[in-house]
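Working notes, structure below.
Bear in mind these aren't lab numbers, they're just calculated from the coordinates by the rules spelled out. Just so it is clear, the model here is predicted, and its values are computed rather than measured. Every residue, glycine as well, gets a Cβ built from its backbone with ideal geometry; the counts of neighbours run over all protein chains shown.
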Amino acid sequence: MNLSASEHRAPREIAEIIAGRLRSHPDILEKIEVVPPGFINLTIKRELWFKVLSQIEGEGERYGSATFGQGKLVLLEYVSANPTGPLHMGHGRGAALGGALVNLLRCTGHDVTAEYYINDAGRQMKLLADSVEARYRQLLGQAAPVPEDGYQGAYVEEIARELLESRRASGQELFPANLNEACRAWAYVKMLEAIKADLALFNLHFDTWSSEALLFETKAVEQALAILKFRDYLFEQEGAQWFRSTAFGDDKDRVVRKQDGEFTYLASDIAYHHDKLSRGYDRLINIWGADHHGYIPRMQAVVQAFGYTKDRLTVLLVQIVNLLRGGARVTMSKRAGELITLREVVEEVGADAAKFIFLTRRSDSQLDFDLELAKQKSADNPVYYVQYAHARIASVFRVASERGIPIPSTTEVHLPYLVSPEELNLIKGLAEYPPMLEASARALEPHRITYYLQDLAARLHTFYYKHRVLPPVLDAELEDREIQIPVAVEPDQGRKREDVSAGVTAARLCLLGCVQTVIRNGLAILGVSAPERM
RNA sequence: GCGCCUGUAGCUCAGUGGAUAGAGCAUCAGCCUCCGGAGCUGAGGGCCACAGGUUCAAAUCCUGUCAGGCGCACCA
């Protein structure tokens, strides 16, 4: 149909020509039909579908992986929360997305570095230090108010108390001249520990940790700005220094050094991105909260000012998470320090459920996270639905092994026994996994995997309900195991009873093994466990 | 006012320019004698926000309008 215009022929005619050529491949195609206005429907020979099973068996955990990213160096920077408090739900969503993307890009051949950028310079750190100092002084009986826009959370007092105990224990002076600096340093270490512990809940590993403060210490900020100055993208105005971001389509130029001589956040971000670019990555991916979206044109301007195309940098935005409990909004007030932390949520619902739910929506759409739903062990909860499929297969294998039924390999079975629509539907689902994964990686959208897994799990449950895998237990076996089976009722009632031959059992066990492999592979990318039993 | 994101079933959301737009929840009606019912089967439910345009073909691309969210600092 697309060729119709350039070829000056009716789509139907073109379809016939293509179909004619395809007819010389009866070894692959069972049926070729031209359907108006110009569709060509191809029916692939059933035997070919079975190759999918032997492929899965052969490739195992590599099934679905691809090589299109080979040789591409990617830097994925995510979470990067200020070390001024524990991680909250928004960070959790970014963490789940980032972790899944790292796995996804790696299994499509990319060479990925996962990086955490620590915003350990500037105002927020100072506020934390001031807040800790105030609490510290309060503990020692002084009337020191926490700063107006300081950190109110209980963890601040906890940090102050630990600092106090530590100083007492080691006999240090309680009010040194550099008390604020001591608070800052102490809080920094404690917060970073806390963040790492929170990330450990999600089993995330970062390859590199980079520090904003270090960019200042090493003069990387000045150096990066000097390059921009040399390229004529910096100018002085009203006593401040500006970056000419309008040269690259930004709304207005941006200040990099204020009238008072202090650098802005943009200045260190310029240095940081210059640093990342000069480390030789083909692609930078940043995951940011959606409230930072106005910042994107600026950073893309930075990338271009250093002489790279703007597509070198991709920013993925993560939208707000609305926390609900049984449908009702859980209110959070950052001011009063009543933020619900990621840790609290993970401890309540579990890491698997949390991660999976974070990944059931496109990252740029808002997400309702219902705590009650996340805890539910039912079909309402997609993570259990998928994990259950995996555990169910594991259970069949356990029973098979108890009964002494071998788990065969695809070369030992007659796969054409798999003829039912439910079986073919499963096989086709398995075949869709690699292209789905590739599309997901190209679009940087791991949520496609969660949808895929739910679909595959549904196909498995449908198959499982309709068909038997293992043969019915023989009377002799029953006597051995002292199991009572009531007398059969009408065969049409209820679940279908199916006699399965040894050959059919073998073929179905192979099929289930492959389904299990694919579910496990998909869950692994999401960072969700695939339990043997639940 | 400007910019970005989002408007798809009652709700929450998938949907790669192609055929009759899908899933889960909710509602209604069914299904357990043995491999896990944490499951399965079916029904109802849609001017794909609206209006134009491009195209043989639009939920999808373009323009405009309306609605919601977010952002528009010499904060981070």
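For chain A, leaving out every one of the GluC sites (Glu not before Pro) that falls in a DSSP loop and has at most 16 other Cβ atoms within 10 Å, the longest unbroken run is A:1-147.
Dividing the convex hull volume of the alpha-carbon atoms in the stretch A:188-254 by its residue count gives 172 Å³ per residue. Residue by residue, the stretch A:516-533 carries 3J(HN,Hα) couplings of 4, 4, 5, 4, 5, 4, x, 5, 4, 5, 6, x, 10, 6, 10, x, 6, 8 Hz when phi is fed to the Karplus relation 6.51 cos²θ - 1.76 cosθ + 1.60 (θ = phi - 60°); x denotes Gly or Pro. For A:V112, nonlocal amide neighbours, meaning residues 5 or more places apart or on other chains whose placed amide H falls under 5 Å from its own, are A:V74. With a simple spin-label model that places each label point 7 Å from the Cα along the Cα-to-Cβ direction, the separation between A:Y295 and A:N2 comes to 3.9 nm. Please list, in chain and number order, the residues 5+ apart from A:L323 or on another chain whose amide H is under 5 Å from its amide H, with Hs placed from the backbone. Result for A:L323 returns A:V330, A:F369. Modelled label positions at A:A328 and A:D251, each set 7 Å beyond Cα in the direction of Cβ, lie 3.9 nm from each other. One Cα centroid belongs to the stretch A:216-237, the other to the stretch A:80-119; the line between them spans 29 Å.
Across chain A, C-alpha contacts under 8 Å between residues 6 or more apart give a mean separation that, scaled by the residue count, equals a relative contact order of 17 percent. Around the amide H of A:I118, modelled in the peptide plane, lie the amide H atoms of A:S210, A:S211, A:E212, all under 5 Å away and 5 or more residues distant in sequence or on another chain.
May I have the convex hull volume per residue, in Å³, for the Cα set of chain A?
242
Summarising the overall dimensions of the stretch A:144-296 from its C-alpha atoms, the Rg and Dmax are 19.8, 58 angstrom.
A dipole drawn for the stretch A:172-268 from +1 and -1 charges on Cβ atoms has a positive end, and of A:L201, A:W242, A:L179 the residue lying farthest that way is A:W242.
Computed from backbone phi with θ = phi - 60° and the Karplus coefficients 6.51, -1.76 and 1.60, the 3J(HN,Hα) list for the stretch A:139-152 is 4, 9, x, 7, 8, 10, x, 5, x, 2, 9, x, 8, 9 Hz; x is used for glycine and proline.
Secondary structure note: in the stretch A:282-407, about 15% of the DSSP beta bridges are antiparallel.
Taking θ as phi - 60° and the Karplus parameters 6.51, -1.76 and 1.60, the scalar couplings of the stretch A:180-192 work out to 4, 5, 5, 4, 4, 5, 5, 4, 4, 4, 5, 5, 5 Hz in sequence order, x denoting glycine and proline. With the convex hull drawn over the C-alpha atoms of the stretch A:389-454, the volume per residue is 118 Å³.
Farthest toward the positive end of the dipole of chain A, out of A:L437, A:Y384, A:Q152, is the Cα of A:L437, where the dipole comes from beta carbon charges about the Cα centre. A simple spin-label model places the labels of A:Q55 and A:K126 5.9 nm from each other, with each point 7 Å out along Cα-to-Cβ.
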